[in-house]
1. Given (1) in contact with a helix residue (DSSP H, G or I) (Cβ under 8 Å, 6 or more places away or on another chain); (2) more than 29 Å from residue 72 (Cβ to Cβ); (3) of a type outside the set (A, V, I, L, M, F, W, C), identify the lone condition not met by residue 181.
2. Quickly run through the stretch 151-171 and pick out the residues that are assigned to a helix (DSSP H, G or I) and within 16 Å of the chain's Cα centre (by Cα).
3. Yes or no: residue 35 surrounded by 13 or more Cβ atoms within 10 Å (Cβ to Cβ), of a type in the set (Ser, Thr, Tyr) and within 30 Å of residue 357 (Cα to Cα)?
4. Given the conditions (1) open to solvent by less than 50 Å² (accessible area, probe 1.4 Å); (2) over 21 Å from the mean Cα position of the chain (by Cα), and given that residue 215 satisfies all but one, which numbered condition is not satisfied?
5. Can you pull out every residue in the stretch 187-212 that is open to solvent by 40 Å² or more (accessible area, probe 1.4 Å) and among the hydrophobic types (A, V, I, L, M, F, W, C)?
6. Here are some conditions: (1) buried (at least 19 other Cβ atoms within 10 Å of the Cβ); (2) touching a residue at least 60 places away in the same chain (Cβ under 8 Å). Residue 94 meets all but one. Which one does it not meet?
7. Return yes or no: is residue 297 open to solvent by less than 30 Å² (accessible area, probe 1.4 Å) and closer than 30 Å to residue 239 by Cβ?
8. Listed residues 43, 99; which is under 22 Å from residue 261 (Cβ atoms) and open to solvent by 40 Å² or more (accessible area, probe 1.4 Å)?
Amino acid sequence: MRLISTKVLQTGMVIGRTIWNEAERPLLQKGVKVSDHIIQRLQQLNIQYVYIDDKISANIEIKEAIPRVLRQHAIDQITSSFNKLKNLKGKDVTYCLDQQTKHFSAIIDDLFDNIMNNKEILTVLSDAFLYDNYIYTHSLQVAVYSIAIAKEMHYNATEIRQIGIGAILHDVGKIMIPQETLKKPGRFTNEEYELMKLHTKYGFDLLRNLHTISLLSAHCAFQHHERLDGSGYPRGLLDFEIHPYAKIIAVADVFDAVTSNRVYRKKMLPSRGMDIINEGSGTLYDEKVVNAFRRCIAYYPNGTCLLLSDGRRGIVCKQNKEHAELPWVRIFEENGEMLKATYEVLLAEQLDISVEKVEVEYLEQVE
């Protein structure tokens, strides 16, 4: 299967991967032939990319880091728990959140078991799942990435669970922010931005009074927007003042934010998201955390079409755990001509060759 932009999706192409909606029902089934109506519907839903099956990508598969059933169960539980908190005030919020933490802990245990037993690089599944509320899916994704980073950095099981709880609840303070601010499609005014920044303090105040989670997890909510150079918020902490857990969640948070659709911005591809993280390594984000993340996230998911610096074109067919940014590529075109027989190269073994461009709009000679 191959990743392709819905901008260039054409009638007759075959969907290579099922797209699921928030009700755990298939919005569009694998194997369906695309029609004009389907293309219009996908674009209305702001789905930017889909996987298609075609000749040049035959037998290339995507492995889910988190099984769909587990993902859906986690989203349902996060949604239910957060919704119960929305209209409460004072001690009622604390009591309810205390009761809900057992559900969050169960989600983290499931994610922990899955990720610890998974030797695959994490893949961002572009638009494979559609959910109504960004905060809920973001909470899950940040937890997944944070657990994977902590595993890569050799934290022990207790620490990883604390990081996971801190990650899944890092934005809990947003339940105190008005919905019209959270869902505003345009730029924040200075006043709105100052209000939004308060979610870190609100989250910390909610979590630090709980008996069911570690105070360290509460600090994840407080500090996940702090940056090494002191440019973050709410307190402008410097490198040594920021807790290591919060440094992990900061990277996971930014990566998921830029690779997800937002009301004010379209999503970026994983490779661009990783570029942003790399650009801030050592100044905004902890270098050790960034290096660990680079080893556990797919820069170019399987099925991504790449133009190489020597003019060859190929599709990512297999990940490279040692160097995630240099995967295996199935070459199907040389010197502008389609090859009769494809072959595979490992980019890590061809260091004189680089990735020139990610081509999600490639259409030449598609069958």
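The values are calculated or read from the model by the stated rules, or taken from the named source; none is laboratory data. Remember, it's a predicted structure, so these values are computed and weren't measured experimentally. Counting neighbours? That spans all protein chains shown, and the Cβs are built from the backbone with ideal geometry, glycine included. To get the accessible areas, we keep the full protein, side chains included, count just its heavy atoms, and leave off ligands, DNA and RNA. Shrake-Rupley method; radii C 1.70, N 1.55, O 1.52, S 1.80 Å.
1. So residue 181 meets the others, but not (2).
2. Start the filter on the stretch 151-171 by keeping residues that are assigned to a helix (DSSP H, G or I), which leaves 151-152, 157-168.
Those that are assigned to a helix (DSSP H, G or I) and within 16 Å of the chain's Cα centre (by Cα): 164, 167, 168.
3. Working: surrounded by 13 or more Cβ atoms within 10 Å (Cβ to Cβ): no; of a type in the set (Ser, Thr, Tyr): yes; within 30 Å of residue 357 (Cα to Cα): yes.
No; evaluated as a whole, the condition is false for this residue.
4. (1)
5. Step one: of the stretch 187-212, the residues open to solvent by 40 Å² or more (accessible area, probe 1.4 Å) are 187-195, 197-198, 201-202, 205, 208-209, 211-212.
Scanning the stretch 187-212 gives 188, 195, 198.
6. Every condition holds for residue 94 apart from (1).
7. Yes: the conditions hold for residue 297.
8. On the way: 99 fails: under 22 Å from residue 261 (Cβ atoms).
Matching residue, one of 43, 99: 43.
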